[in-house]
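Input: a single structure, listed below in structure tokens.
The values are calculated or read from the model by the stated rules, or taken from the named source; none is laboratory data. Computed from a predicted structure; not experimentally measured. Cβ atoms come from the backbone with ideal geometry, glycine included; neighbour counts cover every protein chain shown.
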Amino acid sequence: MNGRSTVRAALLGAATGFSLGYAAVRAAQALRDLRAPAATRADRDPRRYGAVRRALVLAGTARGVAELATTAFLIADPLDRALQPLPRALRAPAFALAVLVLDTTRDLGTDFVEGHVLERVFGTSEQDARGWLTDQAKGTAVAAVVTTVLVALADAVVRRAPRRWPLIAVGTTPPLLAFATVVAPTFVLPLFNAYEPVTGDLEQRIRALAARYGAGDAAILRFDMSRQTKKANAFVTGVLGTQRIALGDTLISEFAEDETLFVVAHELGHYVRRDPWLGIALGTAAAATTLLVADAALRATTRRGLDGPAQGARLVFYATLVQMGLMPLLNAASRALERRADRFALQATGDHAAGIRAFRRLGEQNLAELEPPRWAELLFSSHPSLAARIRALEAAG
């Protein structure tokens with residue numbers, strides 16, 4: 001074994017040990033919480049919550065890279081060999097499905113502790129373990145179906161165009177993203193929450209606001225967000241006549257009507273300014289960069305192209321590294337769009353005071369820091385800080 005191979009083996013061993021050790025610790029914590037659930041903290045400190053969340057993001061980034069490296073360089077080849085008896089067309093989707101099951105099983109304890117226990121301890125969720133596990137099962141089932149179909153289609157393209165597949169993949173990205181924008185709110189989100197029409201004065205005010213900007217026919221819905229969290233949110237989604245304005249029941253019940261209207265106006269701003277289409281364009285550009293660079297890295301490091309499921313796992317590893325490098329740029333673009341939507345909401349409602357109150361209430365209800373560390377915002381945040389958004393409204397008022 002030469003020096004390069006020794007270093008590679010040591011790094012792979014460290015990555016595997018870290019990912020398995022992390023998973024084992026979280027699994028033990030999850031079992032302990034199932035036996036004796038941790039109590040909710042008496043204080044609701046956004047700064048402490050934010051610090052914990054940032055630490056978990058950093059740990060999760062390192063863990064994700066370690067897990068992908070383990071899959072790509074340790075598990076992929078043996079798994080690919082085990083699936084050789086299958087017909088060639090079934091090997092790639094079966095490989096992807098097996099990896100999904102392995103990843104879900106390994107990460108279940110981590111997701112439970114960091115996604116369920118933490119929220120309950122900080123008082124942002126009252127969902128019980130059964131409800132959380134049910135949602136996880138639904139999400140895994142959806143992911144399994146989508147992954148199997150997409151991998152089967154992608155594998156067919158790669159086998160027929162081994163050199164041109166990255167360009168074909170980039171070309172199909174816009175329609176796939178547009179399709180997902182239509183399908184997700186219509187068929188996927190209702191698997192997790194019940195949606196029903198908003199009625200009364202609030203519906204009339206939202207309808208009048210939306211009608212001013214060409215969205216008067218949009219469905220205006222409330223959904224039982226309180227099933228999963230106490231946090232508040234709203235969104236406007238859909239393209240090509242499938243527009244929906246959806247409000248969490250946590251928003252409707254806790255916010256004054258003028259505050260809710262400002263939040264809806266912000267979301268409507270994304271629709272009016274065609275941000276979904278811009279998102280599709282940015283997503284396509286990111287996909288093109290990711291696929292082309294990852295494919296080049298795969299060929300440079302293995303002297304082979306994408307010729308089977310094991311190489312696919314290594315392509316995913318390199319693609320993830322590229323995506324990590326792109327995320328600060330994509331987040332910067334997202335923050336610019338959010339600031340523009342804030343300006344639209346102010347123009348549409350003419351009520352900067354309601355906007356300021358809404359942002360402050362979001363901070364309180366969502367346990368969000370008004371001003372997180374600048375480095376965290378630049379690297380990880382898709383939205384400007386609440387403090388910056390409040391200052392912008394104060395200056396405009």
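What the table shows:
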quantity	calculated
Candidate set: the stretch 332-353, residues that are small (Gly, Ala, Ser) and under 16 Å from ALA234 (Cα atoms); chosen: the one surrounded by the fewest Cβ atoms within 10 Å (Cβ to Cβ)	ALA341
Criterion violated by GLY312 - all others in (1) touching a helix residue (DSSP H, G or I) at 6+ places or on another chain (Cβ under 7 Å); (2) surrounded by fewer than 18 Cβ atoms within 10 Å (Cβ to Cβ); (3) under 25 Å from ALA66 (Cβ atoms); (4) touching a residue at least 40 places away in the same chain (Cβ under 8 Å) satisfied	(2)
Hits in the stretch 112-155 (condition: closer than 28 Å to ALA51 by Cβ and charged (D, E, K, R))	GLU114, GLU119, ARG120, GLU126, ASP128, ASP135
The stretch 152-198, residues that are of a type in the set (D, E, K, R) and within 13 Å of PHE223 (Cβ to Cβ)	GLU196
Options ALA62, ALA69, ALA9; residue that is outside the structural domain of ALA310 (by TED's automatic domain parsing), over 16 Å from GLY115 (Cα atoms) and surrounded by 15 or more Cβ atoms within 10 Å (Cβ to Cβ)	ALA69
Members of the stretch 171-200 that are in a strand (DSSP E or B) and on the phi > 0 side of the Ramachandran plot	none
Any hit, the stretch 331-349, residues being under 30 Å from ALA96 (Cα atoms) and touching a residue at least 12 places away in the same chain (Cβ under 8 Å)	yes
Scan of the stretch 78-112 for residues that are of a type in the set (Val, Ile, Thr) and surrounded by fewer than 16 Cβ atoms within 10 Å (Cβ to Cβ), ordered by number	VAL101, THR105
Total residues in the stretch 29-44, condition exposed (fewer than 13 other Cβ atoms within 10 Å of the Cβ) and free of Cβ contacts under 8 Å to residues at least 24 places away in the same chain	4
Residue in the stretch 14-21 that is surrounded by 14 or more Cβ atoms within 10 Å (Cβ to Cβ), of a type in the set (Ser, Thr, Tyr) and either without any contact (Cβ under 8 Å) to a residue 24 or more places away in the chain or within 22 Å of VAL145 (Cα to Cα) (or both) present	no
2 or more residues among the aromatic types (Phe, Trp, Tyr): qualifying helices (runs of 4 or more DSSP H) within the stretch 281-397	309-349, 374-380
Scan of the stretch 150-186 for residues that are polar (S, T, N, Q), touching a residue at least 40 places away in the same chain (Cβ under 8 Å) and over 18 Å from PHE235 (Cβ atoms), ordered by number	THR173
Of all residues making up the stretch 354-391, the number that are touching a His at 6+ places or on another chain (Cβ under 9 Å) and over 24 Å from LEU118 (Cβ atoms)	3
Filtered residues of the stretch 113-152 (kept if acidic (Asp, Glu) and either in the same structural domain as MET225 (by TED's automatic domain parsing) or surrounded by 15 or more Cβ atoms within 10 Å (Cβ to Cβ) (or both))	GLU114, GLU119, ASP135
Helices (runs of 4 or more DSSP H) wholly inside the stretch 51-170 containing at least 1 residues that are closer than 26 Å to ARG227 by Cα	88-112, 118-121, 129-160
